[in-house]
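First up is the structure itself, then whatever we jot down about it.
The values are calculated or read from the model by the stated rules, or taken from the named source; none is laboratory data. This is a predicted model, so every value here is computed, not measured. Glycine also receives a Cβ, built like all others from the backbone with ideal geometry; neighbour counts cover every protein chain displayed. Quick note on the areas: whole protein, heavy atoms, side chains included, nothing else; ligands and nucleic acids left out. Shrake-Rupley method; radii C 1.70, N 1.55, O 1.52, S 1.80 Å.
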Amino acid sequence: MGGELFRRSIADLIPYEPGKPIEEVQRELGLERVVKLASNEGPFPPFPAAITAIEGATRELNRYPDGGAYALRSAIAEHHGVEMDEVVAGGGADGVIDLLSQSVLEEGDEIVCGWPSFPSYVLDALKVGAVPKKVPLRDHTYDLDAMLGEVGPRTKLVYVCHPNNPTGTANGREELLAFAAALPDHVLLVVDQAYFEYVDDPGYLDGVAELFEAGKRVVVLRTFSKIYGLAGLRVGYGVAPADVVKATSKVRRAFDVDAIAQVAARVSIGDEDELARRRALNKEGREELGKALRAHGLEPAGPALGNFLYVEVGDGAAMFDRLLRQGVIVRPLAGFGAPEAIRVTVGTPEENAFFAACLEQVLSGVS
């Protein structure tokens, strides 16, 4: 019965596995102190304006949220200088990826992405019976020339993770502009910029300003889960052509972005001083993590532009387990296509120092 009931396309699917929660690790291992540096969450709470808005919104939770996220989409549109019907909101950038997969892909269609990279590109394609073409990275970075070679008549979506999760690297501006120009008209380019606000590299391309507003047929993804400190509310968005936004509205769940997420995200937009402060602290923390790794002969991929580092350690699952027993949760990367590596998220200065001490204990054999 089970084999007949469920869709063939999900038979061999391995669900996305999130990072372990702190409470679970404390319970399993009997540890008092556990630091989570696994899920690329920001180490800071929501912006003060968001906390105030969240407290106020709780009094209206007996009402359904705005199903069209009008106020949030309007604020995002104004922020980017685009029209509201060119903005789609979702449950994180990941939610928008799901909407794109459902609205664009037919069974047998293809998507192209680099690999290792964010698993949802592949998983969401497989769910609808599409075929993912995973192109190996070159020097830990998307190989755009090789990706062009994989684009065929059934290719519908091409993803560029910018910067790439899990490696933290990004393609240069001119390379990306040339890639976008070379894609055939039947392909929709998706530029995933979930870590956009962390980047201070002048050579980094802004997908909204330099591709979408230049007339390219592209979807640019952003999220409030990272630097804005709203990971627990799951809210992100895409800037996209109006016909793409309209198509995604046909497959979205009713009220899929909750009321608190909408108001918290909306009031977070535009606080450039706080963004700059967090960006600077993240850069300092990323450098500290890099020093800790290099002190043991472990060279992270780079230059890294996000709030995390990728490092090859031989056996990622084994290193994850050894660090876990010391009280640090990092991310093993087999599900991302890199079983030989781990990903370490930038935490607070104190959390980063705790990671360095635990890494020293693990690699010196002293508990």
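For the residues Gly337, Gly327, Gly270, the requirement of being in contact with a His (Cβ under 8 Å, 6 or more places away or on another chain) and in contact (Cβ under 8 Å) with a residue 40 or more places away in the chain singles out Gly270. Of the numbered criteria (1) open to solvent by less than 60 Å² (accessible area, probe 1.4 Å); (2) at pLDDT 95 or above; (3) not basic (Lys, Arg), the one Ser249 fails is (1). The single residue among Arg154, Arg138, Arg173 that is touching a strand residue (DSSP E or B) at 6+ places or on another chain (Cβ under 8 Å), surrounded by fewer than 17 Cβ atoms within 10 Å (Cβ to Cβ) and of a type outside the set (A, V, I, L, M, F, W, C) turns out to be Arg154.
For segment 182-200, filtering for residues that are outside any helix (DSSP H, G or I), modelled with pLDDT of 95 or more and within 21 Å of the chain's Cα centre (by Cα) leaves 9. When segment 332-354 is filtered for residues that are outside any strand (DSSP E or B) and within 12 Å of Asn40 (Cα to Cα), the ones remaining, listed by number, are Val346, Gly347. Listed by position, the helices (runs of 4 or more DSSP H) contained in segment 73-164 that have at least 2 residues being under 18 Å from the mean Cα position of the chain (by Cα) and touching a residue at least 60 places away in the same chain (Cβ under 8 Å) are 92-104, 120-127. The residue that is farthest from Ile227 (Cα to Cα), counting only those in segment 340-350 that are in contact (Cβ under 8 Å) with a residue 60 or more places away in the chain and surrounded by fewer than 18 Cβ atoms within 10 Å (Cβ to Cβ), is Pro349. If you go through segment 321-336 and keep only what is farther than 13 Å from Leu29 by Cβ and modelled with pLDDT of 95 or more, you end up with Val330, Arg331, Pro332, Leu333. Scanning segment 30-67 for residues that are open to solvent by 60 Å² or more (accessible area, probe 1.4 Å), over 14 Å from Ala231 (Cβ atoms) and either touching a helix residue (DSSP H, G or I) at 6+ places or on another chain (Cβ under 6 Å) or in a helix (DSSP H, G or I) (or both) yields Pro48, Ile51, Thr52, Glu55, Thr58, Arg59, Glu60. For segment 205-228, taking the residues that are assigned to a loop (DSSP other than H, G, I, E, B) and open to solvent by 20 Å² or more (accessible area, probe 1.4 Å), the one that is nearest to Gln262 (Cα to Cα) is identified as Lys226. In this entry, Ala292 is excluded by the filter for residues that are buried (at least 16 other Cβ atoms within 10 Å of the Cβ), at pLDDT 95 or above and not in a helix (DSSP H, G or I).
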